[in-house]
Structure formats: C-alpha cells, structure tokens
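A.B. asks: The structure's right below; bear with me while I get my questions together.
The values are calculated or read from the model by the stated rules, or taken from the named source; none is laboratory data. What you are looking at is a predicted structure, and each value in this text was computed from that prediction instead of being measured. Virtual Cβ from ideal backbone geometry, glycine too; neighbours counted across all protein chains shown. With ligands, DNA and RNA removed, areas are computed over all heavy atoms of the protein, side chains included. Shrake-Rupley method; radii C 1.70, N 1.55, O 1.52, S 1.80 Å.
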Amino acid sequence: RLFCAKGLHCKILLRECKRQTSPGISHTTNSGAGSDCATATGIGGSPPGGCLTGHCALFIHATDAAVRSAAAANATTLVTNAPELRDVAIPHVPNCQSWADEHLSPPADSASADQPDDLCQGRGRLAVVWVHGFRQRYFRIVGVVSHLQHRLRQYCPDFDGVAMGFAWPSHCKKAAYARARSKTERAATHLAAVVRTLRARGFRVALVGHSMGCRVALLAMRDQDSTGGVDAMVLLGAAVPDGSLADGEEFARARIRAESIVVLHSRHDATLGRPFAWGEAASLARKTRAMGRWGVRAPCPVDCVSVDVSDSVPDHNPNLWLLSNDVMQHVMTALFPAQHLLGLSDAALMHSQECAGAVPADPFAHYEDLLDAHQDSDGSSSGGGSFGAGGEELGEATGEGAGESDGEGVGEEVGGATEERDMLSSEAEGQAKMT
C-alpha cells in the first residue's frame, strides 16, 4: 500500500470517516505504520459497506513523522544474492536482489537459484520498461508500473513478458526542474545498460516514457549500436520540444535506435504549457513548445507516429494516460505489431478487439469540464523525488511517501486549481488501481 501525501488531513479520508460514523464502526491504528497512522475499520456487526474503499483502502494515512520513522526502521537494505553489498539503503524496502552479472545465479535449472527465471531468460518475451517523469517517488513509480502491467494484461491476457520500472533521481521540488533535467543524461546511461542487459538475456525490449522520462528514454537510445536498441518506444506527454525528432535536432530520428516511435499528445495537458516553458527556460533551453501537448512538428520523421489523444486524456497524471482506451490501443499496436499478434490465442485477439470497440467511454470524460473551468491555471507533474540511477543519488529519495509528493493522484496544481479537483484526481487514481 502507498502512503497518502495528505496524511491524516486527507479530505477524502475525513469525508469517508464522517460518512461511516455509525455503531459498529471504529477508528483503529494501522498495524504497519505506527500509532500516527489511522484508518476506519468495520468491526463486530458492521454493515457490508463498513470498511473503507477506493482511495482510503489503497493508501495508508499517516503523519510525516510516522512515515519517516518507518523508513528509518529499514536503514539498511539486505541484498539477498550479494550480502557483501552493505551500503544499499532503500527506505521501506528491507531486502532486494542485485541484477549485476556477477551476482546472478546460473540460469534457473535448480530450485536453489536466487534470481527468478523470468528475469534470467527472456526466450524472446517482451520486457516493457516504464520510465517515469519529474518529481516521482518510489511508491508512486511502483504504483504506476503495477497499473501498466494490469492494463497490458487487460488488452492481452496471453502477455507473458515482464513490466518493470526504471527509477532515476527526478527530485521532489518544483523549483528543482533544471537539476532533474541535468541528471537525465546520466540516468540515460544507466537505462541503456538495463536495455543491453535485457537484450543479452533474450528479451525484446520496449520503452514507455512519460513526461521528463521521455527525455531519459530518447537520450538512452541516441547513437546506440544494434545490441542496445529497442523494438518500440512509446512517449506519453513527452516533456521535450516538439521539433526534437527532426534532422539536426537534439533527438534526430536517424540517431534514435528504436524500430518505431509512437508519440501520444494531449492539448489538455496543462503541465506541458507554461510550467514546462518555465522549466525549460530555467534550464537555459530556448524551445518551449512541448511535444507531449502539441505533437511532433511536421513533417513527421520516418518510423514515427504522432497521435492526438486529447479526447480521452484530460491531464498530465500518468494513471490518466494509462486509463485512456485510445492510449492503450496505440501502446498495444506499438508493442505487438501484426507479426507478433499472430502468435496470440484467438481468445486474446478477441479480447483485444473487444477492448478496442466495446469498452465503455473513458470514465474521466467529465474531467474536461473542470479543466475548462481552470484553463488559465497550469498543472504540475505529480509525485516527488525518486532514486535509482546513480549510487550517490540514493540519498535524495528518502521514500518519505508523505512530504511534498502527491501520492493521491494527479499531483498538486500550479496556479490555483481547486480542492474539489484535487479530490476528484485522488479518487480517479484510486478507481484506476481498484480496476
């Protein structure tokens, strides 16, 4: 479960508790987060609706002090297959495994192998790597990757690949945009190493980037040789200039080692309006028209597709992008081109076709009305700081799920979005995860 950024002051929690104030309902402490963490729990003869649902069931509500205390309790992370590594510290994560070649067990032909076989041997399966954007914390990254995996299996029940998240130090403060942007090149070096490792183990690889994560993905695939390329790259709400893929530009298409690039953009993505322009200006960049809002500047390069999904993507939140049926159709087309779809079962193909036409209209269509009401306000990417790409950067991501990140959903807005919209955003993400 994730930590709610609003803690015990979360209005959704307070509203839910007030609604359920009745005999048989009591407020108890959550056993996993200390005395400062409260939820409402049905006891005794409570009615069927007595337990919290949606957002309140998905998020732990605690004070900042309780979250930091829980993080401090796991000051050291045990690397189970390389105990000699004693300087690993990932808050809230008591143990992990090293994926370095020298620490991997032989291919799993024995029950004692430490590393799961699905990571050691690709056997031609697809590895989908999620590359997060600006101001994302650990729990947020894990939650979005889980959502992506769920959506992939909704559209392709026979999907036997792996979905994983690539974490990099994206900072937690809005004012740190330039600092986070400056670290994308080093993060890209690590991402390129991940891609090479996956390919060496027999995986096909696809990158799905969001916001500033698209810059990391493009940098990672720039000027790579044939052993370091990817089968597909999907860019959601890309926080890069709209002309970046043109010849002679920073990410000229001819320099990007990807068989195909799919760019999905939404004109409702307010975060890629003025906030993006201000961040790029602070980074001394001259081009401030975002690809993720306006699409690829014409003419579109070869092996590149730019699609407007404004009708179903109302904001910058990655969960809202993944909830869009339009977005998922284009993602599936990129990840499973015709030659690969032929290998799926008839049931999987039928399910994919049903998803294409019979899925109900996007549940967040009403969100556009709120956006219109606040068309003069700018959004900001949700989440907080993160960690993972560089060793010395681990300290930046304390994993303090409360703090400044907005774990509830769309993230705090710049320019005066109302509390009503924040609450709707939180509920939206809760519904997404429940789905």
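A.B. asks: For Pro116, all conditions in the list (1) within 23 Å of Leu191 (Cα to Cα); (2) modelled with pLDDT of 80 or more hold save one; what is the number of the exception?
C.D. replies: Pro116 satisfies every listed condition except (2).
A.B. asks: Right, another one. Out of (1) buried (at least 17 other Cβ atoms within 10 Å of the Cβ); (2) over 20 Å from the mean Cα position of the chain (by Cα), the odd one out for Arg151 is which?
C.D. replies: Every condition holds for Arg151 apart from (2).
A.B. asks: Continuing with this model, one more query. Which of the numbered conditions does Ala270 fail, given that it passes all the others? Conditions: (1) crowded, with 22+ Cβ neighbours inside 10 Å; (2) within 19 Å of Arg253 (Cβ to Cβ).
C.D. replies: In the conditions (1) crowded, with 22+ Cβ neighbours inside 10 Å; (2) within 19 Å of Arg253 (Cβ to Cβ), Ala270 misses (2) alone.
A.B. asks: Now a separate question. Sort out which residues of segment 114-135 are under 23 Å from Cys214 (Cα atoms) and either open to solvent by less than 10 Å² (accessible area, probe 1.4 Å) or hydroxyl-bearing (Ser, Thr, Tyr) (or both), and write them in order of number.
C.D. replies: Residues satisfying the conditions are Leu126, Ala127, Val128, Val129, Trp130, Val131, His132, Gly133, Arg135.
A.B. asks: Identify the single condition in (1) in contact with a Ser or Thr (Cβ under 9 Å, 6 or more places away or on another chain); (2) open to solvent by 40 Å² or more (accessible area, probe 1.4 Å); (3) in contact (Cβ under 8 Å) with a residue 40 or more places away in the chain that Arg196 does not satisfy, given that it satisfies every other one.
C.D. replies: Among (1) in contact with a Ser or Thr (Cβ under 9 Å, 6 or more places away or on another chain); (2) open to solvent by 40 Å² or more (accessible area, probe 1.4 Å); (3) in contact (Cβ under 8 Å) with a residue 40 or more places away in the chain, Arg196 violates only (3).
A.B. asks: Right, here's the next one. What helices (runs of 4 or more DSSP H), lying completely within segment 247-338, carry at least 2 residues that are touching a residue at least 24 places away in the same chain (Cβ under 8 Å) and within 15 Å of Gly209 (Cα to Cα)?
C.D. replies: Those helices (runs of 4 or more DSSP H) span 291-294, 318-323, 325-335.
A.B. asks: Could I ask something else about it? In segment 212-241, which residues are open to solvent by 10 Å² or more (accessible area, probe 1.4 Å) and not basic (Lys, Arg)?
C.D. replies: Of everything in segment 212-241, those that are open to solvent by 10 Å² or more (accessible area, probe 1.4 Å) and not basic (Lys, Arg) turn out to be Leu219, Asp223, Gln224, Asp225, Ser226, Thr227, Asp231, Pro241.
A.B. asks: Quick one: in segment 269-303, which of the residues that are at pLDDT 95 or above, closer than 19 Å to Ala334 by Cβ and not β-branched (Val, Ile, Thr) is nearest to the chain's Cα centre (by Cα)?
C.D. replies: Applying the filter and picking the extreme gives Gly292.
A.B. asks: Shifting gears a bit: Which residues, taken from segment 269-287, are out of contact with any Gly (no Cβ under 9 Å at 6 or more places or on another chain) and closer than 18 Å to Arg179 by Cβ?
C.D. replies: Ala277, Trp278, Gly279, Glu280, Ala281, Ala282, Ser283, Leu284
A.B. asks: Sticking with this structure for a sec: From Gly228, Gly213, Gly202, Gly237, which residue is more than 28 Å from Trp278 (Cβ to Cβ) and either touching a Gly at 6+ places or on another chain (Cβ under 7 Å) or among the hydroxyl-bearing types (Ser, Thr, Tyr) (or both)?
C.D. replies: Gly202
A.B. asks: Spot the failing condition for Gln97; the list is (1) open to solvent by less than 50 Å² (accessible area, probe 1.4 Å); (2) over 30 Å from Lys11 (Cα atoms); (3) modelled with pLDDT of 80 or more, and only one is missed.
C.D. replies: (1)
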